[in-house]
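Only one structure is covered here, and it is reproduced in the block below.
The values are calculated or read from the model by the stated rules, or taken from the named source; none is laboratory data. Quick caveat: nothing in here was measured; it's all calculated off a predicted structure. Because the Cβ atoms are built from the backbone with ideal geometry, glycine has one as well, and the counts that use them run over all protein chains shown. Side chains included, ligands, DNA and RNA excluded: accessible areas come from the protein's heavy atoms. Shrake-Rupley method; radii C 1.70, N 1.55, O 1.52, S 1.80 Å.
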Amino acid sequence: MPERPQAAGGGTADGLGDERQARAARSGAAGDEAGSLMDEVLRRENLEAAYARVVANGGAPGVDGMTVEALGEHCREHWPRIREELRSGTYRPQPVRRVEIPKPGGGVRTLGIPTVLDRMIQQALHQVLTPIFDPTFSDGSFGFRPGRGPHDAVVRARKHIAAGYRWVVDLDLAKFFDTVNHDVLMRLVAQRVKDKRVLRLIGRYLRAGMLEGGVTSPRTEGTPQGGPLSPLLSNILLDELDKELERRGHRFVRYADDCNVYVRSAAAGGRVMASLERFLARRLRLKVNRDKSAVARPWDRTFLGYSVTVDRDPKLKVSRRSVQRLKERLRAMLRAARGHRLTDTIAALVPVIRGWTAYYRLSRVRNVFEELDQWLRRRLRVVLWRQWKRGRTRFTELCRRGLTAAHARLGAGNDRGPWWNAGASHMNAAVPTSVLRRWGLVRNTLGHRSAIGFMRRA
């Protein structure tokens, strides 16, 4: 293994050369001549691309404490032994490190963080397996696939609604990544992968224990999120659901374990929900979360953070829950920034605002962005008002910023709270929008406008 490749290779099939994709696809498609696929995984160019991707992604260490910065030196010293273990089928992955992160809707999501070495090996597997499986996946699947993303999914969903399918069967799988049945999944993988060493390695990654509090727990089901291979394996399993929906002629959009089926009536939605629940239980051994699943109007549901209007030609819009989550995040950042200069606070907020606006740029309901701009400007004025603290300081600051003494005295002397004062005329005059722009604040609406033309064509 080189210390670090000069060109950073992508971690999924869209980051690899077309020639290598074609070679991998030929290697894995027609029976795989039982023994050729592991050689493709261990090919130097494939490993260099996997190494570069893991280093570029960074991330926390696994149970062995090794960082991505130490991976190159470790490989130079130990890779000949590791390569031979992979070739002979004797390599055993280390347990994953259990990490829990809060979910936006409440509760926690369990992640299993593999060691950086296992992440590199999983990435190498991912790069070879993706060209084999991805071309066979359904056109209605968008999650974790080369050249596809959440924007493509929500645009497709809007088209189904505009075509008259104005009821949605919103399927939520109960703890999907924690309950994947290993036998079902491995049977599906083995349909296209014949190299027993690759199958054995995937099985060992699925069964690798999870370390928490110094104790390793064995795993008999599930494919914890956190490793490069997990998204592809989830798509391989749920492609069975996609194929069943296609066989029935349904219009649907699936992104990972988030699946929406669009129908013309509530009665049809009820029948689809019941039949899919039976199919998932019998064929894939998965359960539907009845509390979060529903047959409803699309404008009453959220899909990947978006909703739609009730118009005959529906427009994409930001869901209320997405707006609330952003406000909660910004509030937390503003609370943490008390005592700091406002310019520094704005500099910390700008990347969050730009990222959020970029994701929701497909929304054609613009007032949400304008209201967020107003809300954020008022919040920033709240920060200033609190920093000024005393009435005398507030009077001085207001006068220094151009207010008359009478106006400043009236503003500084009231006994209202910070939120009221931030929206009052004295603070709007002292800290106008132009000043906040000069301090670095960006507008949500600027990034949003660029997507309007795209959505009219979509």
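Looking across the range 333-357, just one residue is surrounded by 13 or more Cβ atoms within 10 Å (Cβ to Cβ), closer than 30 Å to Arg158 by Cα and either of a type in the set (Gly, Ala, Ser) or free of Cβ contacts under 8 Å to residues at least 60 places away in the same chain (or both), and that is Val352.
Within the range 278-300, the set of residues being open to solvent by 30 Å² or more (accessible area, probe 1.4 Å) and within 20 Å of Gly222 (Cβ to Cβ) comprises Ala281, Arg282, Arg283, Arg285, Lys287, Asn289, Lys292.
Yes or no, residue by residue, for (1) open to solvent by 10 Å² or more (accessible area, probe 1.4 Å); (2) at pLDDT below 95:
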| position | (1), (2) |
| --- | --- |
| Pro146 | yes, yes |
| His151 | yes, no |
| Ile161 | no, no |
| Arg166 | yes, no |
| Phe176 | no, yes |
| Arg192 | yes, yes |
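When Val350 is tested against (1) within 18 Å of Arg320 (Cβ to Cβ); (2) hydrophobic (A, V, I, L, M, F, W, C); (3) part of a helix (DSSP H, G or I), exactly one condition is not met: (1).
If you go through the range 107-144 and keep only what is open to solvent by less than 40 Å² (accessible area, probe 1.4 Å), closer than 23 Å to Cys259 by Cα and assigned to a loop (DSSP other than H, G, I, E, B), you end up with Phe137, Ser138, Gly140, Phe142, Gly143. Taking the range 279-319 as the region of interest, the strands (runs of 3 or more DSSP E) fully inside it that hold 3 or more residues being more than 16 Å from Val263 (Cβ to Cβ) are 316-318. Out of all the residues in the range 261-270, is one or more within 18 Å of Leu362 (Cα to Cα), assigned to a helix (DSSP H, G or I) and either open to solvent by 30 Å² or more (accessible area, probe 1.4 Å) or of a type in the set (Val, Ile, Thr) (or both)? Within the range 261-270 (the criterion being within 18 Å of Leu362 (Cα to Cα), assigned to a helix (DSSP H, G or I) and either open to solvent by 30 Å² or more (accessible area, probe 1.4 Å) or of a type in the set (Val, Ile, Thr) (or both)), the answer is no, since none of the residues qualifies.
Conditions (1) within 24 Å of Arg192 (Cβ to Cβ); (2) in contact with a Gly (Cβ under 8 Å, 6 or more places away or on another chain); (3) at pLDDT 90 or above, marked per residue:
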| residue | (1), (2), (3) |
| --- | --- |
| Met66 | no, no, yes |
| Glu73 | no, no, yes |
| Pro93 | yes, no, yes |
| Arg97 | no, yes, no |
| Pro102 | no, no, no |
| Ala124 | yes, no, yes |
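Screening the candidates Arg377, Arg394, Arg361, Arg381 for the property of being assigned to a helix (DSSP H, G or I) and either touching a Ser or Thr at 6+ places or on another chain (Cβ under 8 Å) or surrounded by fewer than 19 Cβ atoms within 10 Å (Cβ to Cβ) (or both) yields one hit, Arg377.
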